[in-house]
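A short worksheet on the structure shown next.
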Amino acid sequence: MSTSFSSLLNFFRWFSALLVILSHTRHLIFVDYKNIIDKNIFIKAFYFITGFGHEAVIIFFIISGFLVGGLTLEKWLTKIQYKIYLVDRFSRIYIVLIPAIFIGGGLDWLGSNYVNGSEIYTNSARYQTSSLGSVISTNLNFETLFGNALNLQNIFFPIFGSNGPLWSLANEWWYYIIFATLLSIFLDKRPLNKLFSASIAVTIILCLPFQITYMMLIWLLGVLILQFNKFKLPTLPTFISLIIFIIVLVISRLSHNPDNLTSPESDLIAFTRDMGFGVAFSLLLISCNSRGFYFPFSYIHKLLADFSYSIYLFHFPIFIFLMALSHDFLAINFMQQPNSNCALLFLGIILVIYILSYLISLITERHTKKLRKFILTKILH
């Protein structure tokens, strides 16, 4: 993997995290698009740009499939390494997940008990935002915490507290496990290992909701990217693949607009749209990986990407708590018509989220390799 391509992946990692934050913060600070009184061109552009949160998650999945699935497949073709794989995945996920659950839960508890004048923690449905799918205070219990710590949220347990983005962590974790079992079935020469892996894979797939299962096909697109380039198959020119990606991105954004949905869409429609966007993004990565190109500012992209996971996992409880504080101490109402004060609040909260997430990452995400080494040397040997 070239330096330029690595820089491109880092760009998509941090920029996708930013798109998710923009989407979530806009939904609660500003009214939905359909309720805007003055829809000038600047307002339209702002709402359009801040509506790519869903597409950003699809990009996350594909990059994860490439970095985890694709590279693991290359390694296992030479030697199967179950322990190292599980330690790598555990270290990467849990060094941020566990602090996110406890810190996010702590903020939710403080908000529920001391800054709930807006009722954001006890009656979130009144704000009718897709970012808050349940009542926060009812999901602040040990049972839900335990279920989320096992990555069983949206499978057997609700999301813990306000941290809605935890849904994608459950997807990621079980994709990791299923992928390892699939590789074992095809690559492990020991019959008992094959049978054991097949049993685990079938059991997990039967237990997972359909939406989580079908989205693994999108994750697997990332695995195919590396294989596509490995066999030097014909690729589209980078400029052509970029045009296709932009066109499909716009189509996906216009067809997936939570502000204008009048009824839930079917799983088939959602899968078709997401898979189409995933294929377009994969074609872009395939083109960029197979052809020489220059992608500038690699240091900045790496700096921002290195704590993008922390931003993604911590931003929502921090955001909800800051909004609750703003309501109770600054008398700022939620979901207002676009104005300069709301714009300043929007930018200020995003800045605070980035600062706090970066500081948290210094004691969590930055030490992933140390945790991995500790587990391998102290526990497994």
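The values are calculated or read from the model by the stated rules, or taken from the named source; none is laboratory data. These numbers come from a predicted model, not from an experiment. FYI the Cβ positions are ideal-geometry reconstructions off the backbone, even for glycines, and counts take in every protein chain you see. To get the accessible areas, we keep the full protein, side chains included, count just its heavy atoms, and leave off ligands, DNA and RNA. Shrake-Rupley method; radii C 1.70, N 1.55, O 1.52, S 1.80 Å.
Between a first residue in the stretch 18-32 that is more than 14 Å from Leu351 (Cβ to Cβ) and charged (D, E, K, R) and a second residue that is open to solvent by less than 10 Å² (accessible area, probe 1.4 Å) and modelled with pLDDT under 95, which pairs have beta carbons less than 6 Å apart while being 6 or more apart in sequence or on different chains?
Going by the 6 Å Cβ cut-off, the qualifying pairs are Arg26/Thr50; Asp32/Asp259.
Residues to consider are Leu362, Leu313, Leu356; find the one that is open to solvent by 60 Å² or more (accessible area, probe 1.4 Å) and more than 18 Å from Leu9 (Cβ to Cβ).
Answer to the check: Leu356.
Under 7 Å between Cβ atoms, which residue pairs at least 6 apart in sequence (or on different chains) link something in the stretch 93-119 that is of a type in the set (Ser, Thr, Tyr) with a partner that is not in a helix (DSSP H, G or I)?
Ser112/Tyr121; Ser112/Thr122; Ser112/Ile136; Ser112/Leu140; Ser118/Phe334
One line per residue, one yes/no per condition, for (1) surrounded by fewer than 22 Cβ atoms within 10 Å (Cβ to Cβ); (2) β-branched (Val, Ile, Thr):
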{"position": "Phe293", "(1), (2)": "yes, no"}
{"position": "Ser298", "(1), (2)": "yes, no"}
{"position": "Lys302", "(1), (2)": "yes, no"}
{"position": "Asp306", "(1), (2)": "yes, no"}
{"position": "Ile320", "(1), (2)": "no, yes"}
{"position": "Met323", "(1), (2)": "no, no"}
{"position": "Ser326", "(1), (2)": "yes, no"}
{"position": "Phe329", "(1), (2)": "yes, no"}
{"position": "Ile332", "(1), (2)": "yes, yes"}
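Mind listing just one residue for me: the one in the stretch 159-174 that is open to solvent by 10 Å² or more (accessible area, probe 1.4 Å) and part of a loop (DSSP other than H, G, I, E, B) and, of those, modelled with the lowest pLDDT?
Gly164
Yes/no matrix, rows are residues, columns are (1) under 15 Å from the mean Cα position of the chain (by Cα); (2) over 27 Å from Lys230 (Cα atoms); (3) acidic (Asp, Glu):
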site	(1), (2), (3)
Ser7	no, no, no
Ser16	yes, no, no
Asn35	no, yes, no
Gly53	yes, yes, no
Ala56	yes, no, no
Ser64	yes, no, no
Thr78	no, no, no
Gln81	no, no, no
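Ser310: within 23 Å of Ile62 (Cα to Cα) and either in contact with a Phe, Trp or Tyr (Cβ under 9 Å, 6 or more places away or on another chain) or not small (Gly, Ala, Ser) (or both), yes or no?
yes
Conditions (1) farther than 21 Å from Phe61 by Cα; (2) part of a helix (DSSP H, G or I); (3) over 20 Å from the mean Cα position of the chain (by Cα), marked per residue:
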{"residue": "Phe186", "(1), (2), (3)": "yes, yes, yes"}
{"residue": "Asn193", "(1), (2), (3)": "yes, yes, yes"}
{"residue": "Ser199", "(1), (2), (3)": "yes, yes, yes"}
{"residue": "Ile204", "(1), (2), (3)": "no, yes, yes"}
{"residue": "Tyr214", "(1), (2), (3)": "no, yes, no"}
{"residue": "Leu217", "(1), (2), (3)": "no, yes, no"}
{"residue": "Leu220", "(1), (2), (3)": "no, yes, no"}
{"residue": "Val223", "(1), (2), (3)": "no, yes, no"}
{"residue": "Lys232", "(1), (2), (3)": "yes, no, yes"}
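Looking for whichever is modelled with pLDDT under 95, in contact with a Phe, Trp or Tyr (Cβ under 6 Å, 6 or more places away or on another chain), in a helix (DSSP H, G or I) and of a type in the set (A, V, I, L, M) here; the options are Ile300, Ile251, Ile286. Which one fits?
Being modelled with pLDDT under 95, in contact with a Phe, Trp or Tyr (Cβ under 6 Å, 6 or more places away or on another chain), in a helix (DSSP H, G or I) and of a type in the set (A, V, I, L, M) holds for just one of Ile300, Ile251, Ile286, which is Ile286.
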